[in-house]
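We did not get these values from a lab; they are worked out from the coordinates using the rules stated. No experiment lies behind these values; they were computed from the predicted model shown. A quick note on method: Cβ atoms are made from the backbone with ideal geometry, for glycine too, and the neighbour counts reach across all protein chains shown.
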Amino acid sequence: MRVKYLAVFVPFLLAIAPALQAEYIVLRSGQRLNVTGYELIGDTYHLQMRGGTVDVPAEQVVAIEPEEIFTPAPSVEVSKEPFGDLITAAAKRYSVDADLITSVIAAESNFDPKAISRRNARGLMQLLPVTAASLGVKNIFDPQENIDAGTRYLRDLLQLYKNDLAAAVRGDHFVRAARKADLRSAQIEQRPR
């Protein structure tokens, strides 16, 4: 009887083993994306991630590395995540995937509404004060305002980069650098001579 169960159980384990693996996609920018699956379609990688899927141009992928230790994350509905109602409302309002918003919050602040980064990004979605002000945020630590403004900003970046998530993330860094350069040049121009 045990042999019969073993004969059924072993092929089952072998069948699900690939699903329990994860890999890192290393981008040219140095960013490492943890993916649960990928497929090369033409000159684009279609990546499957915990928060959804994203397409990345093949020339942006430097390496694909296996994750040495992988424990599958339990699937949790967005509404059961902290701030689930706020995330769902912002996702609906700005037509951005709720899982993507949840993933951004988890990665940026680990759901801490009072988080402050070394670069002074603040709140759940780690908005810089200049960005938050330009989006009309009055209290950057208010979860509703932070999620709403962060989702709107994410939507704008995704639209700007034609829904290319990797480009939108890279673009965000370029936008920040450009704003910083503009501020510096404005400060230089205002200095008395």
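A few remarks follow.
- Selection from the range 146-171 of residues that are among the hydrophobic types (A, V, I, L, M, F, W, C) and touching a residue at least 12 places away in the same chain (Cβ under 8 Å): ILE147, ALA149, LEU154, LEU157, LEU158, LEU165, ALA166, ALA168, VAL169
- Identity of the residue in the range 97-125, surrounded by 21 or more Cβ atoms within 10 Å (Cβ to Cβ) and part of a loop (DSSP other than H, G, I, E, B), that ends up farthest from the chain's Cα centre (by Cα): GLY123
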